[in-house]
Amino acid sequence: MNRNLLVYNSLTRQKEVFKPITDGYVGMYVCGPTVYSDVHLGNCRTFMSFDLIYRYLLFLGYKVRYVRNITDVGHLLDDGEDRMSKGSRADDLEPMEVAQKYTNGFHEMMHIFNTLAPGIEPRATGHIIEQIEMVQDILDKGYGYIKNGSVYFDTLNFAEKTGEYGRLSGRVIEELLSESRDNLKNQDEKNHPSDFAIWMKASDEHIMKWNSPWSVGFPGWHLECSAMSTKYLGKTFDIHGGGNDLKFPHHENEIAQNIGACGCQPANYWIHTNMLLMNGKKMSKSDGNTISPSELFTGDSEHVTKGYSPMVVRFFMLQSHYRSPNDLTDDALQAAEKGFKRLFEAYKSLEQLDSPEVKGAPLDLSIEQTIEGAFLNMDDDFNTPKTIARLFELVTIINSLKDGQLKINEISKDGIAKIKTAMKAIIFNIFGLKDESESSAGTMDGLMNLVIELRQLARVNKDWTTSDKIRDALGEINIQIKDGKEGTSWSYK
Ligand code: AMP
Ligand code: ZN
């Protein structure tokens with residue numbers, strides 16, 4: 001915490017020294033996924049970027065309240081239908097089954113990529129009351145109007161009174177006249193095209209709807225994040241994040257709602273991640289320029305020559321700064337795979353290095369500078385590519401010590417210990433990488449323990465057929481099990 005962290009704030013468009021509202025505590029809200037379809041790699045990039053930011057804040061010693069929502073209502077298609085309802089009609093499922101199905105898939109993917117779970121994961125549908133209250137607050141403050149049971153946010157009045165609308169996205173009201181991605185069907189109800197719905201009256205066939213003072217309907221998409229961030233983090237908190245594409249209209253409208261209802265900016269720092277591209281173009285399902293995480297892992301896609309492991313993909317993501325576009329190509333993934341292997345091999349060699357007790361070893365100072373440089377790069381708006389460059393300077397030193405190009409007495413015991421501590425912290429705690437060879441060995445152990453337990457159970461039940469079958473089947477794949485006094489053990493033949 002005694003480090004000087006610089007954060008690029010999208011609201012002020014500059015890097016600022018990070019100073020949380022409360023000493024030692026950070027409130028962070030990140031817009032989560034819309035759970036009507038499988039999470040794609042672009043989403044994963046954004047959530048991995050915020051995982052890195054979360055991890056670094058924890059590393060610096062902050063207590064972080066990390067809130068990431070699940071959008072399970074209110075994301076409308078151009079024809080005004082809720083995406084969740086459309087998904088449920090298509091799959092013959094309840095809307096909540098659709099939401100649960102894709103929430104489960106999202107969690108699984110986040111787990112595969114080794115991202116830390118947020119402390120609170122609120123769902124939009126679980127916070128309808130809070131959203132209705134916020135609509136009422138906005139109406140009471142004079143920033144909303146009711147038309148045929150729907151409630152709209154009065155952007156012109158808000159802009160005139162506060163001068164705030166358009167600050168985040170840099171758009172002016174005139175520009176907004178022609179662009180409003182809100183429910184086009186009800187466009188004519190609005191006083192101004194840049195106004196947006198905060199409560200919408202539902203048609204008869206609409207499935208997801210709730211009672212409210214204005215109509216049986218549902219909240220506008222932008223409202224959930226305003227209501228849930230206020231509920232869990234307070235009227236003003238430290239960090240609000242999401243992908244670049246959410247700046248407008250989602251975050252611009254969120255700010256308007258929060259100022260409209262509470263009279264203050266919701267967040268002091270707005271952090272936006274840049275987009276993931278593929279072969280230089282935006283990832284898009286409609287023109288086939290897309291790859292799912294599982295296609296990438298298995299290599300079952302025309303866009304890659306082979307499969308890449310989750311940690312190689314995570315390392316690939318870390319190789320670009322979160323504010324730069326990241327172009328996913330087969331070549332870049334191959335390079336990431338090589339880099340990832342080189343890093344972990346060096347880390348393993350490092351564990352075996354032992355230096356004699358020498359004082360004032362010639363390389364110690366430059367090692368300390370390299371390590372400090374790595375952390376300074378993280379302090380500079382979480383600059384992972386530059387931090388990785390510093391890590392590879394350490395890798396070069398380790399490899400030179402290993403192959404004898406550098407003599408071991410050129411670094412002190414303390415110098416080696418410092419490299420170990422720094423690399424461990426950066427690779428595992430901050431970057432969230434895992435040694436996949438270890439984890440596969442761990443999985444094998446876990447699986448074999450399970451098989452041995454099942455065989456034991458069969459033996460207790462005197463089910464010799466099953467217990468023999470397990471032993472013989474394992475033998476066929478060259479695994480032998482031995483029953484001894486201390487229990488059953490296994491080994492490769
Ligand atoms: P969504 O589920 O579409 O609302 O998106 C969830 C998060 O992923 C949001 O923060 C988006 O900004 C982000 N996102 C969507 N597409 C991409 C992309 N191609 N690259 C990076 N982030 C993205
Ligand atoms: Zn949001």
Residues of the stretch 209-236 with amide N under 18 Å of a point placed 7 Å along Cα→Cβ from residue 133: 211-214, 219-220, 223-236
Accessible area (Å², 1.4 Å probe, nearest 10) - residue 65: 100
Amide proton proximity set for residue 64, modelled H, under 5 Å, gap of 5+: 26
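What is the antiparallel percent of DSSP beta bridges lying wholly in the chain, to the nearest 5? Display every interim value, and only then the final one.
Working: 26 of 48 bridges.
Close to 55 percent.
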Distant-in-sequence amide H partners of residue 284 (H built 1.01 Å from N, under 5 Å): 289, 290
Net dipole in debye of the chain [+1 Lys, Arg Cβ; -1 Asp, Glu Cβ; about Cα centre; nearest 20]: 1220
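Leaving out ligands, DNA and RNA, and with a 1.4 Å probe, what % of the accessible surface on the chain is carbon or sulfur? Please report the intermediate quantities before stating the final value.
Numbers: 11440 of 22690 Å².
Taking all protein chains in place, the chain shows 50 percent carbon and sulfur surface.
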Approximate spin-label separation residue 96-residue 485, in nm, with each point projected 7 Å along Cα-to-Cβ: 5.8
Inter-site label distance for residue 141 and residue 206 at 7 Å from Cα along Cβ, in nm: 2.4
Value at 222 nm in deg cm²/dmol, rounded to 500, when DSSP H runs of n ≥ 4 in the chain each add -39,500 (n - 2.57): -14000 deg cm²/dmol
Computed E for residue 389/residue 156 - FRET, C-beta separation, R0 60 angstrom, nearest 0.05: 0.75
Dimensionless Rg/Rh of the stretch 361-421 - Kirkwood Rh, Rg from C-alpha atoms: 1.01
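Please give the contour-minus-distance gain from residue 399 to residue 334: 0.36 nm per residue of separation, less the Cα-Cα distance, rounded to one decimal in nm. List each step's numbers first, then the result.
Working: separation 65, 0.36 × 65 = 23.40 nm, distance 2.13 nm.
Contour length minus Cα-Cα distance gives 21.3 nm.
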In sequence order, calculated HN-Hα J values of the stretch 317-326 (Karplus, 6.51, -1.76, 1.60; Hz; x Gly/Pro): 5, 5, 6, 10, 6, 4, 8, 9, x, 10
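With the other protein chains left in place, how much accessible area per residue, in square angstrom, belongs to the chain at a 1.4 angstrom probe?
Working: 22690 Å² over 493 residues.
Accessible area per residue, the chain: 46 Å².
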Values of log10 I(q)/I(0), in the order q = 0.12, 0.13, 0.20 Å⁻¹, for the stretch 115-266 under a Debye, Cα-only, solvent-free model: -0.48, -0.56, -1.35
Estimated vicinal HN-Hα couplings, Hz - the stretch 8-18 in sequence order (Karplus 6.51, -1.76, 1.60; Gly, Pro = x): 7, 9, 5, 6, 9, 6, 8, 7, 10, 5, 6
Segment residue 13-residue 477, extension gain: residue separation times 0.36 nm, minus the distance between their alpha carbons: 161.0 nm
Extended-chain gain in nm, criterion 0.36 nm per residue less alpha-carbon gap, residue 59 and residue 443: 135.4 nm
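The values are calculated or read from the model by the stated rules, or taken from the named source; none is laboratory data. Bear in mind the structure is a predicted one, so any value in this text is a computation, not a measurement. Note: ideal-geometry Cβ built from the backbone for every residue, glycine included; neighbour counts use all protein chains shown. Just the protein is used for accessible areas: all its heavy atoms, side chains included, with ligands, DNA and RNA removed. Shrake-Rupley method; radii C 1.70, N 1.55, O 1.52, S 1.80 Å.
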